[in-house]
């Protein structure tokens with residue numbers, strides 16, 4: 001029954017019985033407290049001296065360099081000489 005609407009409703013009912021009706025509020029509060037920076041969206045300069053956007057650019061660059069895809073090549077059609 002997992003992954004179905006009926007299973008989700010059954011799980012919700014069980015959670016409400018075990019943890020109370022404000023369970024989702026409690027875990028949301030915990031998650032909100034644990035977030036300390038804006039991640040890649042943060043305009044603030046972090047301990048590494050970079051803003052979030054600069055950090056994202058470096059991470060993307062590293063990922064691109066280790067990409068398994070080959071470099072882009074132009075399709076050049078060689079003209080036959082007559």
Q | Mean Cβ count within 10 Å, highest first, over the residues of peptides 48-58, 23-33 | A | 48-58, 23-33
Q.
If I fit a long axis through the Cα atoms of helix 52-65 and take the longest principal axis of the Cα atoms of the chain, what angle between them do I get, 0 to 90°, rounded to 10?
A. 60
**Q.** Separation in nanometres of the label points that stand 7 Å from Cα toward Cβ, at residue 55 and residue 14
**A.** 3.7
Q. Relative to the first principal axis of the alpha-carbon coordinates of the chain, what is the inclination of helix 23-34, with its axis defined by its Cα atoms, in degrees from 0 to 90 and to the nearest 10?
A. 50
Q. In the P(r) worked out for the chain, what percent of Cα pairs fall beyond 15 Å?
A. 78
Q: Per DSSP H run of n ≥ 4, the term is -39500 (n - 2.57); total these for the chain, divide by its residue number, and report the mean residue ellipticity at 222 nm rounded to 500 deg cm²/dmol.
A: -16000 deg cm²/dmol
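For the chain, what's the relative contact order in percent, using C-alpha pairs closer than 8 Å and at least 6 residues apart?
On the way: 26 pairs, mean separation 9.5, N = 82.
Over the chain, the number comes to 12 percent.
Every read-out reported here was derived from the displayed coordinates using simple, explicitly stated rules and does not represent laboratory data. All values reported here derive from a predicted model rather than from experimental measurement. Positions of Cβ are generated from backbone atoms using ideal geometry, with glycine treated the same way; all protein chains shown enter the neighbour counts.
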